[in-house]
Amino acid sequence: MPRTALIAGNWKMNGLAADLDFFDAIAGPAASSPADVLICPPATLLAAAAARCADTGISVGGQDCHAHEAGAHTGDISAAMLKDAGARYVILGHSERRADHGESDAMIRAKADAVLAAGLIPIICVGETKAEREAGKAQAVVTAQLAGSLPDNPQNMELVIAYEPVWAIGTGLTASVSDVEEMHAAIRAALPEPLTTRILYGGSVKPANAESLLALPDVDGALVGGASLKASDFTSIINAAGR
């Protein structure tokens with residue numbers, strides 16, 4: 001069975017209430033696309049974005065969550081809270097979280113378990129640094145991250161993997177088509193559910209390179225950063241998924 005492409009936008013720490021018109025601008029292209037479309041806004045906009053997307057087919061998601069369902073964790077947000085606000089997906093283990101907040105594979109695994117328990121879909125991010133790639137360790141690093149970050153019982157559960165080479169995030173650099181193809185094949189071979197799990201590519205995805213990346217057999221969509229903040233750019237990437 002073919003995997004449905006997923007075009008996911010990660011707004012990171014961007015977006016105010018005035019930016020919710022973005023959803024109106026992409027609603028038409030999203031409805032006509034064969035791909036699933038997802039936006040992960042900041043938590044402050046999640047409920048409003050979910051209401052704005054009702055009956056459009058656009059999903060919304062969180063950018064992170066805590067591993068516990070509730071408790072004394074000031075400033076954190078649980079998977080149950082994200083679901084209550086209208087989320088369907090949760091991004092976990094983004095390289096910015098791993099670097100800025102010291103998140104380990106074990107922490108991400110615990111969060112993935114919490115996301116699945118809440119009935120949401122985790123998007124687990126993996127990726128190597130420039131130094132690791134130049135040392136010839138890219139595949140070893142990524143497959144080790146994957147093994148350490150996957151939930152305890154991933155069989156028969158829907159989850160998404162996002163390969164984001166750290167050196168390509170927000171830099172304008174993009175991995176070569178051959179590098180992406182090779183890494184996605186290695187990730188798929190390491191998955192417990194290789195035929196059904198979607199693997200996204202992230203790392204300076206933009207209208208100019210989206211079509212060539214999305215055409216690769218083991219690339220099932222894109223996790224888009226900066227280009228997801230501009231409706232015209234994100235629309236172009238959505239449209240590329242239908243070609």
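Out of every Cα-Cα pair that the stretch 1-108 contains, those further apart than 17 angstrom amount to 56 percent.
In plain terms, the residue of Arg88, Arg98 with the fewest other Cβ atoms within 10 Å comes first and the most crowded comes last, giving Arg88, Arg98. Cβ-to-Cβ counts within 10 Å put Thr171, Thr235 in ascending order as Thr171, Thr235, the fewest first. Here's the picture: a label point sits 7 Å out from the Cα of Ser212 along the beta-carbon direction, and within the stretch 160-175 the residues with their amide nitrogen under 13 Å of it are 173-175.
Annotation: the residues Lys12, Lys111, sorted from fewest to most other C-beta atoms within 10 Å of their own C-beta, follow the order Lys12, Lys111.
Taking one quarter of the surface of the convex hull spanned by the alpha-carbon atoms of the stretch 136-243 gives a direction-averaged projected area of 6.9 nm².
Distance between the 7 Å Cα→Cβ label points at Asp24 and Ala99: 3.7 nm. Taking other residues whose beta carbon is less than 13 angstrom from the beta carbon of Pro192, and scoring Lys, Arg as +1 and Asp, Glu as -1, yields -2. Descending by average beta-carbon neighbour count within 10 Å, the peptides 153-163, 24-34 line up as 153-163, 24-34, the highest first. Counting only DSSP H runs of at least 4 residues, each contributing -39500 (n - 2.57), and dividing by the residue count of the chain, the helix-based mean residue ellipticity at 222 nm comes to -11000 deg cm²/dmol. Build a GNM of the chain with springs between Cα atoms under 10 Å apart, and of Ala87, Ala131, Ala222 the one that fluctuates most is Ala131. The mean of 1/r over all pairs of different alpha-carbon atoms in the chain, once inverted, gives a Kirkwood hydrodynamic radius of 17.7 Å.
Remark: the stretch 234-242, residue by residue, has Karplus-estimated 3J(HN,Hα) of 5, 4, 4, 6, 4, 5, 5, 6, x Hz, where x stands for each Gly or Pro and the curve is 6.51 cos²θ - 1.76 cosθ + 1.60 at θ = phi - 60°.
Within the listed set Pro194, Pro165, Pro41, the Gaussian network model of the chain (springs between alpha-carbon atoms below 10 Å) gives the highest mean-square fluctuation for Pro194. Pairs from the list Lys12/Lys230; Lys12/Lys137; Lys130/Lys206 with a Cα-Cα gap above 25 Å: Lys12/Lys137.
A short reminder: the numbers here are calculations on the coordinates, not readings from a lab. In this text the structure is predicted, and so the values were computed from the model without any measurement. Using ideal geometry, Cβ is built from the backbone for each residue, glycine included, and neighbour counts are taken over all protein chains shown.
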